[in-house]
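Note sheet for the following structure.
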Amino acid sequence: MSKKYQNGFFVFGLVVLIVMVTQLNFTEVWNGLKHAGYWFFAVVALWAVLYVLNTAAWYIIIRSQKPDDKEAAPFSFWWLYKVTISGFALNYATPGGLMGGEPYRIMELSPKIGTERASSSVILYVMTHIFSHLWFWLLATILYVLTMRVNLFMGTLLTVIGAFCLLAIWFFLRGYKKGVAMFLMNILKHIPGAKRWARGFIEKHQEQLSTIDQQIKALHAQNPRTFACAVFLELACRMLSAFEIMFVLLVLMPSVNYIQCVLILAFTSLFANLLFFMPLQLGGREGGFLMSVNGLGMTASAGIFVALIVRLRELIWTGIGLLLIKFDKKK
């Protein structure tokens, strides 16, 4: 990536991060950190491991595009790890999420494997990342039914969530089998304000879009093990990230169990993703934690405490990711 674009991503993310930090109540932050103690460091360290799983899923997707080529991934795993962290940092800081991190990943990867492969690998990874979330939410609804009391309201809510997840899983499987780039562009052709641009883009980039779709379909059709492995890694990341909530809640209630933390994470992430247009999902994640812990019979203060620690962890890793954008020997 050119130094101009690299600096642009860095400055934009830094400005948003500073704005987010200024919204914090520093007295509450300090009290929360003192209360959490060494568990806060465990939470931050946990995400260093979780990003390894994210990187591994993306890495095998890239390698699967040219399975017989020894130079299918002409870069180190740890270079891709750096790009992964920076990409997530930009996603956290950008309204709309994918408007920041994914273009950055494509622009970093394009000089190494070409624009079409870089674009298709990023699209595939995003699809796999979202696909794993859908399975995680579906599994959480089943866990809730098996472990908690279900009244009429919760039964209705769980039915709606389950139906949504199944429909979305079907849509993603269709995308894996038939490609998604051209499908999305054809949708844009019918949206007022975007259809003129979309038609011109399709006419100009028909071949590239077809190539991207072919590479997307190849992962599911020709490399089913790779597809399954990538989805499993991302799903494992979702399941392991529940330990973050468990580490925090152990400070308040030593009796908390892992299943409760999975349910809190699942319903909080679902609610927060409904507000994807907010930078750092500001407000959505906190509201999700409050509703989740109340639904499980915990106090509101527990939800506020968890939300604060998770927010601080996100800010720290966002800062690390932005610094890693500048950490590149090749100018």
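The values are calculated or read from the model by the stated rules, or taken from the named source; none is laboratory data. Nothing here was measured: the structure is a model prediction, and the numbers come from that model. For neighbour counting, all protein chains shown are included, and Cβ atoms are generated from backbone atoms with ideal geometry for every residue, glycine included. In case anyone asks, the SASA skips ligands and DNA or RNA and just uses the protein heavy atoms, side chains included. Shrake-Rupley method; radii C 1.70, N 1.55, O 1.52, S 1.80 Å.
Residues in the stretch 119-252 average 54 Å² of solvent-accessible surface per residue, probe 1.4 Å, ligands and nucleic acids excluded. Dipole orientation for the stretch 90-190: of the candidates Phe136, Phe164, Thr147, Phe164 has the Cα lying most toward the positive pole (charges on Cβ; Lys, Arg +1; Asp, Glu -1).
Ordering Tyr258, Tyr125, Tyr38 from largest to smallest accessible area (1.4 angstrom probe), what's the sequence? Display every interim value, and only then the final one.
Numbers: Tyr258 65, Tyr125 5, Tyr38 160 Å².
Sorted by accessible area, descending: Tyr38, Tyr258, Tyr125.
Go ahead and run the numbers for FRET between Asn257 and Phe201, Cβ-Cβ distance against an R0 of 41 Å, rounding to 0.05. Numbers along the way, then the final one.
Numbers: r = 51 Å, r/R0 = 1.23.
In this case the efficiency is close to 0.20.
Computed over the stretch 127-270, the range of Cα coordinates on each principal axis works out to 60, 34, 25 Å, biggest value leading.
For the stretch 95-163, what % of the accessible area comes from carbon and sulfur atoms, probe 1.4 Å? Numbers along the way, then the final one.
Working: 2280 of 3050 Å².
Answer for the stretch 95-163: carbon and sulfur cover 75 percent of the accessible area.
The stretch between Phe153 and Phe75 holds 23.0 nm of extra length on full extension. This uses 0.36 nm per residue minus the Cα-Cα distance.
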